[in-house]
Each structure stands twice: as C-alpha cells, then as structure tokens.
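Down below is the structure, laid out as structure tokens.
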C-alpha cells in the first residue's frame, strides 16, 4: 500500500514537468527520493530534473542524505549540474589599443538543446514527398452482447464522426513515431482499421469472449507493419527513439488509426499524455 502511494505521488510529480509546459515546477531532494523509491525509470527522473526549477540541497549533508536513500550517482550528478549557478563573470576589459583591431565576427548561435525535439505525443505521417502531423484523441468504450448473448460480450473503442479529418490517397503511408527506449515498437503501437457505424461513429473491437475474456485489438483489424529506426535521430527526445513504421501491404480505402499503448506504459509517457487510456491517431485512406 505504501509503495502504491509513493507511485501515485511520483506520477503527480512527473505530470508537472510536461515538455513545453508554461513554467517549470520546483523540485527538491525529497521529490527525488520519492521518485526513486517509486521505481520510476532513471531516464524519466533525469528528464524531470532537466525540466525542473531547482530547489535542491547540494550541501555535503544534502548529498549524503541522497546517497543514503540509494539515489543513483547519475541522478545525484544531474541534481548538482542543475543547481549550479549560471556563469555571470564579465570578460576582462580590452586594452585601449585593441579597439584599433576589428573584432572577428561572432559565430552563429547554436540552437538550444532539445528545442526542436519530437514530442512523444507527436506522430508524423509521410505521404510521398509531403508530411503531416497527426493528432490523437481518446475513444469512448462500448460494451455489448454479441449474437443476443450467445456470442458472449465484446468491448469496442469508439471514435466520434464517420471519418477522420486527416486524409490521404497514398496506399503506402509511412509514420514516424517516438518510442520509449524501454519499449519494443510492435508492443507499443498498432495500426488498425475501423468499421463505420450507422450512428456517425467508427469503432474497433478491443476485447471480448464467451467463456473467458481477452483484451487487445481483434486480429482481423490489425494492419501488419514493419518498424526500423529512423536514420535521423537528431529530433529524438531524451529516453526515446524515433522509428519509421511502414504497413507491410497496400492499405485499402477506409478509416484507420495508429494506436499508441500509452495506458499500458503510462509511467514512461505520463509527462506528455494527460489521459490514462491509449491514444488513437486517426486517419483515412481515400480511393
């Protein structure tokens, strides 16, 4: 019970460090200890430290207490770096004769680290020589009896509207997805086709059974894909790898979604997704 409470506290702390949030939240030594005791992944804690407003105690006693709490050395080093004051010393004044020599042109400023990283809540559809960002939505869940109850019960993920706003006529679209380093792409996402219902919605079966109940997208609705690491990882968020997801066969006209299992691996992506459920990036393939 105590460990469960610590994990809930840790999840609340991580939610404050959303990438691109309006302002950074303050973190203390006690927060670091709570995250470690909740078994939050080290890379996620390092990301939280990078995005925090430092209120750490880096005195000798403070560091000893972190070490006694079994905080890993990599995390303690990150706390020290984050707490270090920015250099404020002005450069020495130039002697009067130096003004006669033109100063060399200043090199162009390098882009700030992490400024243009790919967010884990972002998927990019590559449509030939064009690309389009995708947006996710959370489905409603519908449970119903099948065949008047003789076929057991089934659960469906239901998306509003008959058609997705994002459309393509390309039968071989490619998707760039940011996958946590701890996850295998084929266990983190699925591309699925959706049935259009008469009530102006789209749905896919996500669980069901008669004598027993199992969860997961129905195999008939799964589009087989291949995954390979993208050659360009310059936009990869710390703790994530960008993968190229390609359907293994030409896609027929219809309604689809790339489903990220952010509910099952919420501890790794809670900073970016506000819902505990899975995230559905919907799109449609036109004739």
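Yes/no matrix, rows are residues, columns are (1) buried (at least 21 other Cβ atoms within 10 Å of the Cβ); (2) farther than 30 Å from residue 238 by Cβ:
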position	(1), (2)
152	no, yes
156	yes, yes
162	no, yes
168	no, yes
176	no, no
182	no, no
191	yes, no
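Just the residues that are surrounded by 14 or more Cβ atoms within 10 Å (Cβ to Cβ) and outside any helix (DSSP H, G or I), please, taken from segment 221-237. Quick ask: steps written out before the conclusion?
Filtering segment 221-237 for residues surrounded by 14 or more Cβ atoms within 10 Å (Cβ to Cβ) gives 221-223, 225, 227, 230, 235-237.
If the condition is that a residue be surrounded by 14 or more Cβ atoms within 10 Å (Cβ to Cβ) and outside any helix (DSSP H, G or I), then 222, 223, 225, 227, 230, 235, 236, 237 are the ones that fit.
If you go through segment 198-209 and keep only what is in contact (Cβ under 8 Å) with a residue 60 or more places away in the chain and over 20 Å from residue 137 (Cβ atoms), you end up with just 208.
Residue pairs whose Cβ atoms lie under 6 Å apart, sitting 6 or more positions apart in sequence or on different chains, and linking a residue in segment 221-236 that is in contact (Cβ under 8 Å) with a residue 40 or more places away in the chain to a partner that is in a strand (DSSP E or B) and surrounded by 13 or more Cβ atoms within 10 Å (Cβ to Cβ), are 227/243; 227/245; 230/242; 230/244; 235/118; 236/242.
Does segment 112-120 contain any residue that is under 30 Å from residue 285 (Cα atoms), part of a loop (DSSP other than H, G, I, E, B), at pLDDT below 85 and in contact with a helix residue (DSSP H, G or I) (Cβ under 8 Å, 6 or more places away or on another chain)? Yes, the conditions are met somewhere in segment 112-120. Considering the conditions (1) closer than 17 Å to residue 215 by Cβ; (2) more than 22 Å from the chain's Cα centre (by Cα); (3) surrounded by 13 or more Cβ atoms within 10 Å (Cβ to Cβ), residue 144 is excluded by exactly one of them, (3). Just give me the residues in segment 185-220 being assigned to a loop (DSSP other than H, G, I, E, B) and either in contact with a strand residue (DSSP E or B) (Cβ under 8 Å, 6 or more places away or on another chain) or modelled with pLDDT of 90 or more (or both), in sequence order. Hits for segment 185-220 are 198, 199, 200, 213, 216, 217, 218.
The values are calculated or read from the model by the stated rules, or taken from the named source; none is laboratory data. Here the structure is a predicted model, which is why all the values come from computation and not from measurement. Note that we place each Cβ from the backbone using ideal geometry, even for glycine, and neighbour counts take in every protein chain shown.
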